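Accompanying notes for the structure given below.
The values are calculated or read from the model by the stated rules, or taken from the named source; none is laboratory data. Just so we're clear, the structure is a prediction, and the values are computed from it rather than from any experiment. With ideal geometry, Cβ positions are generated from the backbone for all residues, glycine too; neighbour counts draw on all protein chains shown.
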Amino acid sequence: MTVPPISLLQITDCHLGEQEGDTLLSMNPDESLRDVLSLIQQNHEHIDFLIATGDLCNEGTLPAYKRLHNVLSEQVSSPFAWLPGNHDSPRSMAEFGHAVNTKLQVLGNWLIILLNSRVEGCIYGHLESDELQFLERAINDHPGKHVMICMHHQPVPIGSQWMDNYIVRNAHEFWDIVGHFSNVKAVVWGHVHQEFSDTHHHIQLLASPSTCIQFTPYKKDFHVENTMPGYRWFELYDDGQIVTGVERVEDKDYGTDVNSHGY
Ligand SMILES: [Fe+2]
């Protein structure tokens, strides 16, 4: 009998402000998140799991996480988990219990690993040695599973000079470990606020658009564009195959300040 694929979704970089409607570059991230979640409801009858890959709240404040947790609980039909980005507060996130903060999720023949690449007070990423040890142990403890690794920061350059300053700076240590395991099929991240897709040997490298503002790809300096917010979907097959794509909300004027030089 054919096993149906696991339906996994990624949302990222929601950047919710402390109060509902607090804007980011004149855009309302609560509104765009709601639009993305409506699109998810339209597009997916069944979801097995959703992962939110960091920068969930712009200042890491508890009311923002409460709002995010509530809206995900109400509008997403599956369990979900989150991991921290540079804008997040792990202490606030920890208030929501183990299930949403899990670092390991087994879905059928797949193992999903959620890593913390955040560095206190810094925009760039780093994987601490205990995080790397956890990664290696998790893969070793689940022989025979196909593995997807999720984190906030990109572990490879994406071709935008300013954004690649904020890469996982010890990514070589990550790749040294991953290189020992042929069952790692995908590495997935947020942070870059744009769609990205590449391969490293047999491993798919994937990033998702933000649920709010979008950065223009292949830019030397900070640049925002009017591309619509979106999410990434995955179908994870029993034999290790991955089918994936990005969906964006229909064109809408969010009033985003695309002439800004930073945020
Ligand atoms: Fe972000």
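Would you check if residue 124 is within 16 Å of the ligand (Cβ to nearest atom), in contact (Cβ under 8 Å) with a residue 12 or more places away in the chain and buried (at least 20 other Cβ atoms within 10 Å of the Cβ)? Walk me through it before giving the result.
On the way: within 16 Å of the ligand (Cβ to nearest atom): yes; in contact (Cβ under 8 Å) with a residue 12 or more places away in the chain: yes; buried (at least 20 other Cβ atoms within 10 Å of the Cβ): no.
No, not satisfied.
For the stretch 224-233, indicate whether the set of residues that are surrounded by fewer than 17 Cβ atoms within 10 Å (Cβ to Cβ) and within 14 Å of residue 25 (Cα to Cα) is non-empty.
Going residue by residue through the stretch 224-233, those that are surrounded by fewer than 17 Cβ atoms within 10 Å (Cβ to Cβ) are 225-226.
Now drop any that are not within 14 Å of residue 25 (Cα to Cα), which leaves 225-226.
Taking every residue of the stretch 224-233 in turn, at least one turns out to be surrounded by fewer than 17 Cβ atoms within 10 Å (Cβ to Cβ) and within 14 Å of residue 25 (Cα to Cα).
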Exercise for the section: Exactly one condition in (1) under 26 Å from residue 156 (Cα atoms); (2) aliphatic (A, V, I, L, M); (3) touching a strand residue (DSSP E or B) at 6+ places or on another chain (Cβ under 7 Å) is not met by residue 132; state its number. Expected result: (3)
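So which strands (runs of 3 or more DSSP E) stay within the stretch 162-263 end to end and still have 1 or more residues that are at pLDDT 95 or above and over 30 Å from residue 133 (Cβ atoms)? First the steps, then the outcome.
On the way: elements: 184-189, 196-200, 203-207, 230-236, 242-248.
Where strands (runs of 3 or more DSSP E) fall fully within the stretch 162-263 and carry at least 1 residues being at pLDDT 95 or above and over 30 Å from residue 133 (Cβ atoms), they are 230-236, 242-248.
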Fill in the blank from the handout: For the stretch 140-159, pairs from a residue that is in contact (Cβ under 8 Å) with a residue 60 or more places away in the chain to a residue that is charged (D, E, K, R) and surrounded by fewer than 24 Cβ atoms within 10 Å (Cβ to Cβ), with Cβ under 7 Å and 6 or more apart or across chains, are 146/185; 148/185
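Only one residue in 120, 59, 31, 95 is modelled with pLDDT under 95 and over 13 Å from the mean Cα position of the chain (by Cα), so which one is that?
Values: 120 fails: modelled with pLDDT under 95; 31 fails: modelled with pLDDT under 95; 95 fails: modelled with pLDDT under 95.
None of the other options fit; the residue is 59.
Restricting attention to the stretch 35-75, and to residues there that are over 20 Å from residue 206 (Cβ atoms) and part of a loop (DSSP other than H, G, I, E, B), which single residue is nearest to the ligand (Cβ to nearest atom)?
Of all residues in the stretch 35-75, those over 20 Å from residue 206 (Cβ atoms) come to 35, 37-38, 41-42, 45-46, 57-75.
From what is left, the residues that are part of a loop (DSSP other than H, G, I, E, B) are 45-46, 58-61.
Values: 45: 30, 46: 29, 58: 9, 59: 12, 60: 12, 61: 16 Å.
In this case the residue turns out to be 58.
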Completion exercise
The correct count of residues that are touching a residue at least 40 places away in the same chain (Cβ under 8 Å) and outside any loop (DSSP other than H, G, I, E, B) in the stretch 76-118 is 5
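Within the stretch 46-65, is there a residue that is without any contact (Cβ under 8 Å) to a residue 24 or more places away in the chain, farther than 19 Å from residue 188 by Cα and surrounded by fewer than 17 Cβ atoms within 10 Å (Cβ to Cβ)?
Within the stretch 46-65 (the criterion being without any contact (Cβ under 8 Å) to a residue 24 or more places away in the chain, farther than 19 Å from residue 188 by Cα and surrounded by fewer than 17 Cβ atoms within 10 Å (Cβ to Cβ)), the answer is no, since none of the residues qualifies.
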Exercise for the section: State whether the residues of the stretch 29-41 include one that is touching a helix residue (DSSP H, G or I) at 6+ places or on another chain (Cβ under 9 Å), surrounded by fewer than 20 Cβ atoms within 10 Å (Cβ to Cβ), charged (D, E, K, R) and under 19 Å from residue 84 (Cβ atoms). Expected result: no
Handout entry: Residue that is surrounded by the fewest Cβ atoms within 10 Å (Cβ to Cβ) [pool: residues in the stretch 180-220 that are more than 16 Å from the ligand (Cβ to nearest atom) and at positive phi]
Key = 201
Problem - Checking residue 81 against (1) under 16 Å from the mean Cα position of the chain (by Cα); (2) among the hydrophobic types (A, V, I, L, M, F, W, C); (3) within 16 Å of the ligand (Cβ to nearest atom), the condition it does not meet - result: (3)
